[in-house]
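To start, the structure itself, in structure tokens.
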Amino acid sequence: MLKLIRPHHWIKNLLLFAALFFSKSFFDTSKIILALEAFTLFSLLASSIYVINDIFDVERDRQHPTKKNRPIASGEISIKRAIIIALTLFFIAMTGALLISLNFAYVLLAYFIINIFYSAKLKHVVIIDAFVVAFGFVLRVVAGALAIDVRVSHWILICTFTLALFLAFGKRRGQKSFFL
């Protein structure tokens, strides 16, 4: 189950704490608790997307030398069970998000919908895939700001998007199929 939900990827969600840090609210206990809750909920939502992505890619993953060992591709977890896990994670994340704020929940829902499209089609569209990944990082920053109810600087959004886009293109450039 842990392998399926990929908690090692939750490190990306640390960007939710950017607003807490830059708003100088890191000594406000109530905002710290909200930021931790937001991080947890965003991580659960991201895990639901990882599961859905593995469902979309199950046949391709079975042909891959290392991805064939993923829980769904290997048959360790059935697609039916994976769907139940993904839906459970989604509903827990969205219910918790609504308890924080409606706007925070909207951002999580937007992140979820965009990543469904990404998993289904957009990750196979060169250039667009990198922009979607970068936008996902911006949504993390925005989600963190909305969770603790602070304004987010345009500069942090621009810098986050630019850095994430740079990293996404760097990763794609390392893949053989990127320039073909």
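The values are calculated or read from the model by the stated rules, or taken from the named source; none is laboratory data. Quick caveat, the model's predicted, so the values are computed rather than measured. Because the Cβ atoms are built from the backbone with ideal geometry, glycine has one as well, and the counts that use them run over all protein chains shown. We work out accessible area using only protein heavy atoms, side chains counted, and drop any ligands, DNA or RNA first. Shrake-Rupley method; radii C 1.70, N 1.55, O 1.52, S 1.80 Å.
Numbers for the structure displayed
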| read-out | value |
| --- | --- |
| Two-site FRET efficiency, Arg62 against Thr40, from Cβ-Cβ distance with R₀ of 22 Å, rounded to 0.05 | 0.10 |
| Whole-percent carbon and sulfur share, accessible surface of the chain, 1.4 Å | 70 percent |
| Span from the the stretch 28-59 Cα centroid across to the the stretch 120-138 one, whole angstrom | 18 Å |
| Accessible area (Å², per residue) of the chain, counting only protein heavy atoms and a probe of 1.4 Å | 58 Å² |
| Inter-label distance for Phe166 and Ser101, nm, one decimal - labels placed 7 Å from Cα along Cα-to-Cβ | 2.9 nm |
| Estimated distance in nm for a label pair at Met1 and Trp155, the labels positioned 7 Å out from Cα along Cα-to-Cβ | 4.5 nm |
| Inter-label distance for Ile84 and Leu122, nm, one decimal - labels placed 7 Å from Cα along Cα-to-Cβ | 3.1 nm |
| Helix 128-148 vs. the chain, principal-axis angle (Cα, 0 to 90°, nearest 10) | 30 degrees |
| Helix axis angle, 154-173 relative to the chain longest principal axis, alpha carbon, degrees | 20 degrees |
